[in-house]
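The values are calculated or read from the model by the stated rules, or taken from the named source; none is laboratory data. Because the structure is predicted, anything quoted here is derived from the model rather than measured. Here the Cβ is made from the backbone with ideal geometry for all residues, glycine too, and neighbour counts use every protein chain on show. Surface accessibility is based on the protein's heavy atoms, side chains included, excluding ligands, DNA and RNA. Shrake-Rupley method; radii C 1.70, N 1.55, O 1.52, S 1.80 Å.
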Amino acid sequence: MRIRFALAGLVAALATAGAVQAQDFKPRIVRFGYGLVDNSNQGRAVRLFAQEVEKASGGKMKVRGIGNAALGSDTQMQQALIGGAQEMMVGSTATLVGIVPEMAVWDTPFLFSNVKEADVVLDGPVGEKVKAKLEPKGMVGLVYWENGFRNLTNSKRPVNKLEDMGDIKLRVMQNNVFLDSFKALGANAVPLPFSELFTALETRAVDGQENPFNTVVSSKFYEVQKYLTVTNHVYSPWIVTVSKKWWDTLSPAEKKVLQDAAVKSREFERKDTREEATKALAELRTKGMQVNELPATEANRMREKLASVNSGIAKAVGQETWDAVNGAVAQVRGK
Ligand code: TK8
């Protein structure tokens, strides 16, 4: 008797769950584009996101991760999201600056001195506020992911002092903060989309670039770059974005599935990236890269020179955003 009662309850519960699911989830294909190769921290986190979404939607929502910039460079994908031709992407906040000027604040050299500061500030109220600026421009920002602290590589010579950068043609991300930063350091800065970077290095159209260790490994830059200088000069995050046009067609349950999976992917991605980063430098050495750290006096000179771009960033992002972000950093540092 008791068993029969329990079974009936179970059947009823299942029926209700089924009914809720049927009306809340439509079959959806989500094209999720990214710039790095499949075997990278980006690729792994996109796959985790895809699994979570599929599970939570009872298989109704299917995420197709499309890496290698096969759907276009960061800026091309952003336009596809705005137009509604692509559902999701992950890319650098740095490449969004032309659409949301406030995003440039994350490119401030030496803004964060460790990943804890980055996590607290990006996930906190001011990170949310900057992220929210995407909506009126046609994109919904879900979460920030770690790209990592950036370091310098080149094929010309070991960089031991600033002057060593003098005649290095250095690829930078396409925004003024990066251009101004490397001009301030005396380099010949050339803006290029990431999708063109490997070929540019290979053909020596440019001599160097800057990216976290993880990317130097996953994109095989060690094949075309000999020297790596540990500079940790900036932490520019990645951000996961959704087409607003498409987002507006989703049910609240579908939106929640994407939001929850995005948070899970963020936790996974940061852990994965940090683990990979600790091993990457040794790997790059075994691949034949020559690694050096800047002597303290040169690191300080670099800091001083880069501080000269701060006033320009404050102007570009607005004093309010500048103060809010720097205030949030000071707060977490004080703790
Ligand atoms: C990948 C880029 C990349 C970034 C860059 O699409 O462009 O150098 O670091 O991660 O967003």
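For n ≥ 4 DSSP H runs only, could you compute -39500 (n - 2.57) per run for the chain, divide by its residues and tell me the 222 nm figure to the nearest 500?
Numbers: 13 runs with 162 residues, N = 335.
Mean residue ellipticity at 222 nm (helix-derived): -15000 deg cm²/dmol.
Would you please report the Å³ per residue occupied by the convex hull of the alpha carbon atoms in the chain?
On the way: hull volume 49.9 nm³, N = 335.
Value for the chain: 149 Å³ per residue.
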Seminar exercise, completed: Note, the stretch 75-89: 3J(HN,Hα) by Karplus (6.51, -1.76, 1.60, θ = phi - 60°), whole Hz, Gly/Pro = x, goes 5, 5, 5, 4, 5, 5, 5, 4, x, x, 7, 9, 8, 9, 7
Seminar exercise, completed: Residues whose built amide H sits under 5 Å from the amide H of Leu111, excluding neighbours closer than 5 in sequence, are Tyr235
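Can you give me the % of accessible surface on the chain that is carbon or sulfur? Probe 1.4 Å, all protein chains present, nothing else counted. Numbers along the way, then the final one.
On the way: 8210 of 14940 Å².
It is 55 percent, rounded to a whole number.
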For this session: Using the Cα centre as the reference, give the magnitude of the dipole from point charges on the C-beta atoms of the chain (Lys, Arg: +1; Asp, Glu: -1; all else neutral), rounded to the nearest 20 debye.
Result: 760
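Averaged per residue, what accessible area in Å² does the stretch 25-334 show with a 1.4 Å probe, protein chains only?
Values: 12530 Å² over 310 residues.
Averaged over the residues of the stretch 25-334, the accessible area is 40 Å².
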Seminar exercise, completed: Checking Ala45, Ala94, Ala296 against a Gaussian network model of the chain (alpha-carbon springs below 10 Å), the top fluctuating residue turns out to be Ala296
For this session: Compute the distance in nm between two label points, each set 7 Å from the Cα along the Cα-to-Cβ direction, one at Arg64 and one at Lys116.
Result: 4.4
Exercise. Which residues' amide hydrogens lie under 5 Å from the amide hydrogen of Trp145, considering only partners 5 or more residues apart or on another chain, with H built in the peptide plane?
Worked result: Trp238, Ile239, Val240
Exercise. GNM on the chain, C-alpha springs below 10 Å: top fluctuator among Met302, Met139, Met88?
Worked result: Met302
For this session: Would you grab the residues whose amide H sits under 5 Å from the one on Val190? Only those 5+ places off in sequence or on another chain, please, with H modelled 1.01 Å from N.
Result: Leu170, Arg171, Val172
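Which whole-number percent is the relative contact order of the chain (Cα, under 8 Å, 6+ apart)?
With pairs under 8 Å counted, the relative contact order is 25 percent.
What is the dipole size for the stretch 139-215, taken about its Cα centre, with +1 at each Lys and Arg Cβ and -1 at each Asp and Glu Cβ, in debye to the nearest 20? Intermediate values should be presented prior to the final figure.
Values: 8 positive and 9 negative charges, 23 e Å.
For the stretch 139-215, the charge dipole is close to 120 debye.
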Problem set entry | Positive-pole candidate from Phe194, Phe25, Ala262, dipole of the stretch 25-334, charges at beta carbon | Phe25
Seminar exercise, completed: Low-density loop trypsin sites (Lys or Arg not before Pro), the stretch 284-324, at most 16 other Cβ within 10 Å, DSSP non-H/G/I/E/B, are Lys287
Exercise. Hey, what do the phi angles of the stretch 245-258 turn into as Karplus ³J(HN,Hα) couplings, whole Hz, using 6.51/-1.76/1.60 and θ = phi - 60°, x for Gly and Pro?
Worked result: 4, 6, 3, 5, 8, 8, 6, x, 5, 5, 4, 5, 4, 5
Seminar exercise, completed: Candidates Gly84, Gly43, Gly208; GNM for the chain (alpha-carbon contacts under 10 Å) flags as most fluctuating Gly84
Exercise. What list of ³J(HN,Hα) values in whole Hz, one per residue of the stretch 220-231 in order, does the Karplus curve 6.51 cos²θ - 1.76 cosθ + 1.60 (θ = phi - 60°) give from phi, with Gly and Pro shown as x?
Worked result: 6, 5, 4, 6, 10, 10, 9, 10, 10, 10, 6, 10
Problem set entry | Accessible-area value, Asp207, 1.4 Å probe, nucleic acids and ligands omitted, Å² | 20
